[in-house]
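The values are calculated or read from the model by the stated rules, or taken from the named source; none is laboratory data. Predicted model, so just to flag it, every value in this text is computed and none were measured. So basically every Cβ, Gly included, is an ideal-geometry build from the backbone, and we count neighbours across all protein chains shown. Only protein heavy atoms, including side chains, enter the accessible area calculation; ligands, DNA and RNA are left aside. Shrake-Rupley method; radii C 1.70, N 1.55, O 1.52, S 1.80 Å.
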Amino acid sequence: QVQLVESGGGLVQPGGSLRLSCAASGSIFSINDMGWYRQAPGKQRELVAAITSGGSTHYADSVKGRFTISRDNAKNTVYLQMNSLKPEDTAVYYCKAVVVVVGQWRKSEYDYWGQGTQVTVSS
């Protein structure tokens, strides 16, 4: 079993910063891609940023230049540094990890999600 635990959400004023963390634990052989998604009320969940095991990154156009994704492979943790926050960034943020686990006969790859953390940008 694999668990993803997020932290770092909260209330911040426009222009402020927050740093989200997501730590994976459990029966992990390795982790491939990790990413952050968000879902605002009445909207579909969308990709915010993703990072490969080798450190290549991808960002949604709406957050380029403001958000930075990073990871610590030794700690199985992914981070999202969010600067210059805007009210439209308000959403529940979820982390996702593509985890390789070892079964009795072979390795398998599964997607795991965190429970979500609320980010509210408001004055």
* Applying the selection to the range 61-92, what residues are open to solvent by less than 50 Å² (accessible area, probe 1.4 Å) and part of a loop (DSSP other than H, G, I, E, B)? -> V63, R66, N76, L85, T90
* Structure fact -> The number of residues in the range 8-53 that are touching a Leu at 6+ places or on another chain (Cβ under 7 Å) and of a type in the set (S, T, N, Q) is 1
* Which of the following residues is of a type in the set (A, V, I, L, M) and out of contact with any Gly (no Cβ under 9 Å at 6 or more places or on another chain): V92, V78, V121, V100? -> V100
* What tally of residues in the range 17-44 results from selecting those that are loosely packed, with under 15 Cβ neighbours inside 10 Å and either of a type outside the set (A, V, I, L, M, F, W, C) or closer than 18 Å to M82 by Cα (or both)? -> 13
* Asked: Regarding R106, is this residue basic (K, R), free of Cβ contacts under 8 Å to residues at least 12 places away in the same chain and open to solvent by 40 Å² or more (accessible area, probe 1.4 Å)?
  -> yes
* **Selected residue [among the hydroxyl-bearing types (S, T, Y), more than 12 Å from V119 (Cα to Cα) and in contact with a Phe, Trp or Tyr (Cβ under 9 Å, 6 or more places away or on another chain)] from S53, S62, S21** => S21
* Where a residue in the range 52-75 is within 12 Å of D33 (Cα to Cα) and its partner, wherever it lies, is open to solvent by less than 70 Å² (accessible area, probe 1.4 Å) and aromatic (F, W, Y), with Cβ under 6 Å and at least six apart -> S70/Y79
